[in-house]
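Inspection log for the structure reproduced underneath, given as structure tokens.
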Amino acid sequence: MTTSLMVYACLAVGLASALVAGVFQSFSDFVMKALIAAEPAGGIQSMQMINRTVFRSVFLVMMLGLAPVTIGFAAYAYFNLTGAAQFMIIAGAAIYVVFSFMVTMFGNVPMNKRLDGMAYAHTEAAVYWQTYGTVWTGWNHVRTLGSVATAICFLLASVALA
């Protein structure tokens, strides 16, 4: 891969990661606050619908796709680059895989599946909703920061390569 192509590729990955971070940040900043403030049945039903709708979204393709893309970039950087760009690309990939992808798969998704299996108007769901709102949002903060850090790493790598 030519250096100029790698600069643009790093910019694209950085911007994609920033877009993912923006979606996560929106949930942490106001979406979850609004859903938690609603009557439990309304908040639960809305979150269930959001979680079902995300499966047909560009966001999901981007969020999941960034894991193998960043790993591929890290492998390329390990074997073909040196210096700051190499470090930033490998660091960005490691950060994304651990703090965005794995936190999603092992933190947020299991909670979403459990919530989805509950009747939104049932007492059990209302009790779980209190824990869900706090814990899910905490994990979402981690995903937000991980995606922001990844974006910074890839954007800095593009500058180092330029």
Legend entry - Of the criteria (1) over 21 Å from Ser17 (Cβ atoms); (2) at pLDDT 95 or above; (3) not aliphatic (A, V, I, L, M), which one Gln130 fails: (2)
Legend entry - Restricting region 88-114 to residues that are touching a Phe, Trp or Tyr at 6+ places or on another chain (Cβ under 6 Å) and of a type in the set (Val, Ile, Thr), the residue that is surrounded by the fewest Cβ atoms within 10 Å (Cβ to Cβ): Val103
Inset, instruction - Scan region 122-162 for residues that are more than 12 Å from Ser28 (Cβ to Cβ), crowded, with 19+ Cβ neighbours inside 10 Å and β-branched (Val, Ile, Thr) and jot them down. - result: Thr150
Legend entry - One residue from Thr82, Thr53 being more than 24 Å from Ile152 (Cβ to Cβ) and without any contact (Cβ under 8 Å) to a residue 40 or more places away in the chain: Thr53
Inset, instruction - Scan region 70-80 and give yes if some residue there is at pLDDT 95 or above and closer than 18 Å to Arg143 by Cα, otherwise no. - result: yes
Inset, instruction - Could you look through region 48-84, keep only residues that are among the β-branched types (Val, Ile, Thr) and loosely packed, with under 12 Cβ neighbours inside 10 Å, and pick out the one that is farthest from Met118 (Cα to Cα)? - result: Thr82
Inset, instruction - Among the candidates Gly83, Gly72, Gly117, Gly107, single out the residue that is within 13 Å of the chain's Cα centre (by Cα) and small (Gly, Ala, Ser). - result: Gly107
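The values are calculated or read from the model by the stated rules, or taken from the named source; none is laboratory data. In this text, all values refer to a predicted model and were calculated from it rather than measured experimentally. With ideal geometry, Cβ positions are generated from the backbone for all residues, glycine too; neighbour counts draw on all protein chains shown.
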